[in-house]
Amino acid sequence: MKATAIRNIKSLVPLLDRVLVQRIKAEAKTASGIYLPESSVKELNEARVLAVGPGALDKDGKRVPMGVQAGDRVLIPQYGGTSIKVGEEEYHIFRDSEILAKINE
Amino acid sequence: MKATAIRNIKSLVPLLDRVLVQRIKAEAKTASGIYLPESSVKELNEARVLAVGPGALDKDGKRVPMGVQAGDRVLIPQYGGTSIKVGEEEYHIFRDSEILAKINE
Amino acid sequence: MKATAIRNIKSLVPLLDRVLVQRIKAEAKTASGIYLPESSVKELNEARVLAVGPGALDKDGKRVPMGVQAGDRVLIPQYGGTSIKVGEEEYHIFRDSEILAKINE
Amino acid sequence: MKATAIRNIKSLVPLLDRVLVQRIKAEAKTASGIYLPESSVKELNEARVLAVGPGALDKDGKRVPMGVQAGDRVLIPQYGGTSIKVGEEEYHIFRDSEILAKINE
Amino acid sequence: MKATAIRNIKSLVPLLDRVLVQRIKAEAKTASGIYLPESSVKELNEARVLAVGPGALDKDGKRVPMGVQAGDRVLIPQYGGTSIKVGEEEYHIFRDSEILAKINE
Amino acid sequence: MKATAIRNIKSLVPLLDRVLVQRIKAEAKTASGIYLPESSVKELNEARVLAVGPGALDKDGKRVPMGVQAGDRVLIPQYGGTSIKVGEEEYHIFRDSEILAKINE
Amino acid sequence: MKATAIRNIKSLVPLLDRVLVQRIKAEAKTASGIYLPESSVKELNEARVLAVGPGALDKDGKRVPMGVQAGDRVLIPQYGGTSIKVGEEEYHIFRDSEILAKINE
């Protein structure tokens, strides 16, 4: 992962079938409401979709429709993807076909 | 395998040709009806399908029909797939074409 | 290979172009009619087809016809395939295109 | 290589584009007519075609015509293929496209 | 990376779907306006597109349209691509499909 | 490389897009006309085409025309191909697309 | 790299989409006009195209047009390609799609 000079993650426009997501952090408090120190907060494989590309091009030059949209809550694979850092926050870029499932809320 | 914040496995909607399954546990009692301690219960390669995606997209953008459906009892490969944990339960996501066979009941 | 809870191998319905076979055991007696202990019985690369899938889907969504059928005696490759165990018996699942030859009887 | 219970190599019917061949043994006598012990007889990359499959299926479901036929004398690659043993004899199965050349007699 | 005799980067005309970019350097001064020594300036994964090829050829011989254009600010992958050096400056050539995202300014 | 029982290289008929060639030996004499011992004669990457196959089959079952013909002098890759020995002579079989260039004489 | 008996590089006719190039040598004198010993002359990734093939065959048997022509000055990849030696000179053969960029003069 490398730092970027991007000031606002909203300025990022994914290309082709790429999906920009941010991992959802596990709640940093226990069931009884006690807040946990950050080091004990587990990373989850859930993420919020922030932006999606226009879709890959098929062999006839048409866009393959994306499976997810900005705002979707999704299950991401544990490995793979590209991580980028904007300020203190970490984001990930996956291909649309790598997203495992949507999570209905 | 990573924990998720998903509260209910039913909120998971597989994408493309993915199949969400849960392994069937071997019965934890012997033929003579004695219950076994959990550590001696073997994992099986049989699973129950909980949810399926809409199918992969073929080169013309049409959905390839799925071979299995929610509710099917299936034979899964021993390796591969993606495991996810919701609460204390473990689930697996496979591609439709990785499912070896249906098991008629 | 992993055990399964399947009670009857006939309940297994292979998917796509998969072929369920059982190896044919070498005869456990010598030419002069003496029965051999099981450990000296060689495994053969011959198998009996128990069930076949409906065929893989070609790029137009049509089924590719299977090369073998239930009941066929076939030559299987020495490696590859998936082994499953039902009770004390071992079975194998191959793709149709992996079966080397039929054996006429 | 594994033994088989096949009694007659002629009962073997290759599937798809497979070619059943038997290596031609180098003549076990010298130019001056003296017979050599078997261990000094070199294996050759020449083989006799015993049986051929009906051809692979192309993407439209049609058979790709085979390049060799039963009876052809052919040059086989040094590695690859599948060996099978019937009685004391060894045979090989290759894909049609692996056969390097026909040998005119 | 190898030196070239190219005197002016503008003389470089990428072929097919290649994209010529130059990494954007992190600002060499702190928030309070103090200039940093060059060794402490981080490399970023952001780049400016200097020139693009005409696009890859699809199977019908038509050009696949490029996703980025000269002048675009883009997010590049951390690894991959080809580096070239013209004078003291370093440049990179990527395939169009390797560029992760555009950065709106 | 393995010996063959082929008596005449002309009996070899390459299949599909295969090309039978023989390396051209560097001249075994110096510029001043002195003959060199064989061990100091360098192997060259030039070869004479002895026979060519009818061409590979494209996806519609038509033959892809060969790029070289019997009699052509060609540049062959340093590695790859299959070597065969007939009597004391060594020959090579390449795919048509592996031949790098023709050499005009 | 292997020596060839080719007397004139112009006798080489590349096949399919191959491109015959020769690396451009860095000028062997300093800015102030002093000639450098050959060992200190750097190899460049620039090359002059000497000859090109007629183009690869697409799946319909038509030639894919070449991106470069004889006479073009081009940027070549640092690795890959095939080197050949004619007399004291070294040449390289690349596929058309491996050439990174043209260099306008």
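The values are calculated or read from the model by the stated rules, or taken from the named source; none is laboratory data. As the structure is a computational prediction, the values presented were derived from the model and not from experiment. Positions of Cβ are backbone-derived with ideal geometry, glycine not excepted, and every protein chain shown enters the neighbour counts.
Among the listed residues F:Ile34, F:Ile76, F:Ile9, which satisfies the condition of being farther than 27 Å from D:Asp58 by Cβ and modelled with pLDDT of 95 or more? Quick ask: steps written out before the conclusion?
Working: F:Ile34 fails: modelled with pLDDT of 95 or more; F:Ile9 fails: modelled with pLDDT of 95 or more.
Going through F:Ile34, F:Ile76, F:Ile9 in turn, the sole match is F:Ile76.
Within the range B:58-73, track down each residue that is at pLDDT 95 or above and surrounded by fewer than 16 Cβ atoms within 10 Å (Cβ to Cβ). Before the answer, list the steps.
So in the range B:58-73, the residues at pLDDT 95 or above come out as B:63-73.
Those that are at pLDDT 95 or above and surrounded by fewer than 16 Cβ atoms within 10 Å (Cβ to Cβ): B:Arg63, B:Pro65, B:Gln69, B:Ala70, B:Gly71.
Could you tell me which numbered condition C:Ala3 fails, if it satisfies all but one of (1) within 8 Å of chain B (Cβ to nearest Cβ); (2) at pLDDT 95 or above?
So C:Ala3 meets the others, but not (2).
Can you go through G:Lys102, G:Lys85 and tell me which one is facing another protein chain (nearest Cβ under 10 Å), assigned to a strand (DSSP E or B) and either free of Cβ contacts under 8 Å to residues at least 12 places away in the same chain or more than 19 Å from E:Ile6 (Cα to Cα) (or both)? So that I can check it myself, show each step before the final result.
Values: G:Lys102 fails: either free of Cβ contacts under 8 Å to residues at least 12 places away in the same chain or more than 19 Å from E:Ile6 (Cα to Cα) (or both).
Within the list G:Lys102, G:Lys85, the selection yields G:Lys85.
Restricting attention to the range A:58-82, which residues are over 18 Å from B:Thr82 (Cβ atoms), within 12 Å of chain B (Cβ to nearest Cβ) and aliphatic (A, V, I, L, M)?
Residues satisfying the conditions are A:Val64, A:Met66.
May I ask you to list the residues in the range B:12-31 that are modelled with pLDDT under 65 and within 14 Å of chain A (Cβ to nearest Cβ)?
Within the range B:12-31, none qualify.
Consider the range D:88-99. How many of its residues are more than 14 Å from chain F (Cβ to nearest Cβ) and of a type in the set (Asp, Glu)?
Residues in the range D:88-99 being more than 14 Å from chain F (Cβ to nearest Cβ) and of a type in the set (Asp, Glu): 3 in total.
For the range F:37-57, which positions are at the interface with another protein chain (Cβ under 9 Å from one of its Cβ atoms) and at pLDDT below 70?
Correct list: F:Lys42, F:Glu43.
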